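These notes are about the structure you will find just below.
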Amino acid sequence: MSRRPLEITPELMLRAYAAGLFPMAEGRESKKLHWLDPALRGILPLDHGFHLPRRLRRTVLSGRFTITADQDFAGVIAGCAEPAPGRTDTWINDEIETLFTALHRMGAAHSIEVWQEGALVGGLYGVRIGGAFFGESMFSRTTDASKAALVALVARLRLGGFTLLDTQFLTAHLARFGAVEVPKAEYKHLLAAAIAVPAQWLAAPDAALLEAEIRAMRSSGFDQPTHGA
């Protein structure tokens, strides 16, 4: 007798994230999700291990972008799913969009939006459980937009008492901000501790506190812009 495939629900997604798993599709048109549990996990330190380039700090604080949270989750996930230079396909299929939108309605998934002259030019989204935030994807339609979204996310997480920012994989782009890889066993130890933390998601923190948090972040020497990032 064949078994019926297990229905993936938002509740199942949260249980999987709490166990260290995350889903991906093989492509935009794929009808199947795969659960990943990599041997090495990317994390971005939220303390002094996070490196904020001085030029980027000036950009974020200059008013060039308007940065919000949870104002256009659908627009952000759609932006993350669209083709980009060097990437003709994506792992975000229709089921991923549906599930994460449901998690957002439940208050368990959040977005950061970056606006310029009223247009959505970048952003990121992810899931939170306790004091852990699981970054899923980011996109950019203009230089520095996704980087600005990342800075805004880290500032909110620090203010809210989060202890873990999971990036899933380590990329050269994230490594410049201080991201590192940790073995699976170490990651799950960090995860178990983080999800027990009663952190608070701050969609609209006090502007003065947010600016002070960004100014307090450790500077790094990486000041070269990457077009579109």
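Numerical summary
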| item | result |
| --- | --- |
| Options Ile92, Leu210, Trp35, ranked by Cα towards positive dipole end of the chain, top entry (Cβ charges) | Leu210 |
| P(r) of the range 127-221 over all Cα-Cα pairs, binned every 5 Å from zero, in whole percent | 2, 12, 20, 24, 22, 14, 4, 1 |
| Computed helical MRE - 222 nm, the chain, DSSP H runs ≥ 4 contributing -39500 (n - 2.57), nearest 500 | -10500 deg cm²/dmol |
| Calculated from backbone phi, Karplus (6.51, -1.76, 1.60) coupling profile of the range 147-156 in Hz, x at Gly/Pro | 5, 4, 4, 5, 4, 5, 5, 4, 4, 5 |
| In the range 123-190, the chymotrypsin sites (Phe, Trp or Tyr not before Pro) that fall in loop regions by DSSP, at most 16 other Cβ within 10 Å | Phe169 |
| The chain: proportion of alpha-carbon pairs further apart than 24 angstrom, % | 42 percent |
| Rounded to 10°, Cα long-axis angle of helix 207-216 versus longest principal axis of the chain | 80 degrees |
| Alpha-carbon Rg with Dmax, taken over the range 11-136, Å | 15.7, 43 |
| Label-to-label distance, nm, for residues given as Asp37 and Glu117 (7 Å Cα→Cβ offset) | 5.0 nm |
| Whole-number accessible area per residue in Å² for the chain, which is evaluated in the context of all protein chains at 1.4 Å | 47 Å² |
| Isotropic mean projected area of the C-alpha convex hull, the range 86-161 (nm²) | 6.0 nm² |
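The values are calculated or read from the model by the stated rules, or taken from the named source; none is laboratory data. In this text, all values refer to a predicted model and were calculated from it rather than measured experimentally. Heads up, the Cβs are rebuilt from the backbone with ideal geometry, glycines too, and the neighbour counts pull from every protein chain shown. For accessibility, only protein heavy atoms count, side chains too; no ligands or nucleic acids. Shrake-Rupley method; radii C 1.70, N 1.55, O 1.52, S 1.80 Å.
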